[in-house]
Amino acid sequence: MLYEDTIIPESVASYEQWNNFFDTKANNLWIERDYSDVNVLQEDKLKLAQTRYTMNRAIISDFQNNIITLNRMRELQGEDTVPGDDIYFKDIPKTNTANNGTETQTGETQSG
């Protein structure tokens with residue numbers, strides 16, 4: 001892509017020269033260009049979001065089919081793991097909140 005392969009690298013090199021010339025580092029400053037308003041780059045963000053969505057659905061499916069653990073699912077989604085969550089979907093206690101928001105661990109509804 002033209003922006004990613006040519007324009008952005010060229011501008012980064014130019015701005016590095018400006019930063020060196022003005023010695024911006026001495027004042028904790030940095031001159032740079034923001035490309036978030038470039039429409040052609042927004043299309044890449046959409047593709048990335050669609051790819052992540054599809055990947056997450058596949059990861060969740062693997063977890064729900066007991067192929068990977070909860071922590072492995074988190075790792076694959078780029079999240080931190082949680083101690084004690086190296087468990088499979090089938091091992092997660094089921095809860096029931098259908099009866100006035102009262103939960104039971106066994107899946108039974110409480111009379112009330």
Near pairs, Cβ below 9 angstrom, 6+ apart or cross-chain, from the range 24-44 (on the phi > 0 side of the Ramachandran plot and modelled with pLDDT under 90) to any residue that is in a loop (DSSP other than H, G, I, E, B) and surrounded by 11 or more Cβ atoms within 10 Å (Cβ to Cβ) = none
Quick count over the range 25-61, residues being loosely packed, with under 10 Cβ neighbours inside 10 Å and part of a loop (DSSP other than H, G, I, E, B), is 4
Kindly establish whether Gly78 is at positive phi and more than 14 Å from the chain's Cα centre (by Cα).
-> no
With the first residue restricted to the range 47-63 and required to be in the same structural domain as Glu75 (by TED's automatic domain parsing) and under 23 Å from Ile87 (Cα atoms), and the second required to be of a type in the set (S, T, N, Q) and loosely packed, with under 14 Cβ neighbours inside 10 Å, Cβ contacts under 8 Å at 6 or more apart or on different chains are Asn56/Gln77; Ile59/Gln77
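For the structure I just gave you, tell me whether Asn66 is touching a Phe, Trp or Tyr at 6+ places or on another chain (Cβ under 6 Å) and either part of a helix (DSSP H, G or I) or within 30 Å of Asp91 (Cα to Cα) (or both). Write out each step before concluding.
Details: touching a Phe, Trp or Tyr at 6+ places or on another chain (Cβ under 6 Å): yes; either part of a helix (DSSP H, G or I) or within 30 Å of Asp91 (Cα to Cα) (or both): yes.
Here the answer is yes, as Asn66 does meet what is asked.
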Here the qualifying pairs (Cβ atoms under 6 Å; residues six or more apart or on different chains; first in the range 70-87 and assigned by TED's automatic domain parsing to the domain that holds Ile59; second assigned to a loop (DSSP other than H, G, I, E, B) and hydrophobic (A, V, I, L, M, F, W, C)) come out as Leu70/Ile87
Members of the range 71-103 found to be exposed (fewer than 10 other Cβ atoms within 10 Å of the Cβ), farther than 22 Å from Arg52 by Cβ and at pLDDT 90 or above, listed by number | Pro83, Gly84, Lys90
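The values are calculated or read from the model by the stated rules, or taken from the named source; none is laboratory data. Note that this is a predicted model, so its numbers are computed, not measured. Because the Cβ atoms are built from the backbone with ideal geometry, glycine has one as well, and the counts that use them run over all protein chains shown.
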